[in-house]
Amino acid sequence: MTSANQTGAGEGLGPIKLYGFPTSPYVLKVAGYLGFKHLSYEFVGVNPVNFEQIAFSNQRQVPVLQIEDEWKNDSDNIAVWLDELFPQRPLLPVADSCNAEVQTLNDWVNHTVVPGMFRLTVDWPSIAIGFSNGWTLASVVNRSVSIPKWVQLLWPVLVRKASFIKRIVEPLDKTETLEHYQQRVLGEFTDLRGGGQFLGGRDEPSLADVSLYPLVLLGGVLGLKGDTPWNDSSDVVEWKERMSEHFRESPLPDVLQVSRSA
Ligand SMILES: N[C@@H](CCC(=O)N[C@@H](CS)C(=O)NCC(=O)O)C(=O)O
């Protein structure tokens, strides 16, 4: 299998490359945008030790999206950029009046769903689960770019100590258990859909739905233990079905699609 996925043209522009860790929620958001817009791209794994693949960007944060000679980082900035370059199947509503609402929904993905995912890597339900999930994630990263064996072995502990993850998880209220947090996320999802087809009760997916979709798929595809039980919510299951109709194939990069038993 090649590292490119999603058939469809880059609409006249040159090759599109998505640089990142295949396990990063922010990277997966961008993979979601590209899939939603039916753009073909190459996924380039970034070495988490030296970031050499994105040395050209003179910074050390993924995702980085490169289109021809231009690049951008920050998943939310990338969404705006992609809408400018490829206005078909917009992520942000064309009418400015609806933008604030979509930004609020997207903030929920960024500030509630994503921190919950990082919390699982720090606040282990058990030592066995912490190591098992950590090694699964390390092996996926290693599939995208070769990382030393000792880094893979220590991955669960290294991730727990990563300063950017600590920054995201620290503000969370730890008196709320992880399980309760996850149940609250499921309840908020239902509230935000408000009985409509997509978040915000909208008839078409927006940036918020497209950002959330790959994140909801990740845990199931990798068999992560203790992840938010998305499939327990019939609202989520129904929404996932509807989301899949907007993609030609899974929004997850190919490197994540390899069967777990392989
Ligand atoms: N706001 C950024 C956050 C990106 C981010 O925090 N990326 C992490 C990977 S999940 C990273 O590159 N961390 C490395 C570091 O900050 O040193 C976005 O939306 O893209």
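Values quoted throughout were computed directly from the atomic coordinates according to the rules given, and no laboratory measurement underlies them. Everything numeric in this text was worked out from a predicted model, so none of it was measured. Virtual Cβ from ideal backbone geometry, glycine too; neighbours counted across all protein chains shown.
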Separation of the Asp203 and Phe131 label points, Cα + 7 Å toward Cβ, nm: 5.5 nm
Rg followed by Dmax, in Å, when the range 71-142 is reduced to its Cα trace: 17.2, 49
Residue list for the range 203-232, given a label point 7 angstrom along the Cα-to-Cβ vector of Asp74 and an amide N cut-off under 16 Å: none
Stretch gain in nm, segment Ala55-Ser97, where the contour uses 0.36 nm per residue and the Cα spacing is subtracted: 11.2 nm
Order of Glu241, Glu101 - criterion: other Cβ atoms within 10 Å of each residue's Cβ, fewest first: Glu241, Glu101
Mean shadow area of the range 205-251, taken as a quarter of the surface of its Cα convex hull (nm²): 3.3 nm²
Paired Rg and Dmax values of the chain, which use every Cα atom, in angstrom: 17.7, 52
Highest-first arrangement of 130-136, 206-212, where packing means the average Cβ count within 10 Å: 206-212, 130-136
Contour excess over end-to-end distance, with Cα ends at Gln257 and His180 and 0.36 nm allotted per residue: 24.8 nm
Count of Lys pairs (Cα-Cα under 22 Å; at least 8 positions apart or interchain) in the chain: 17
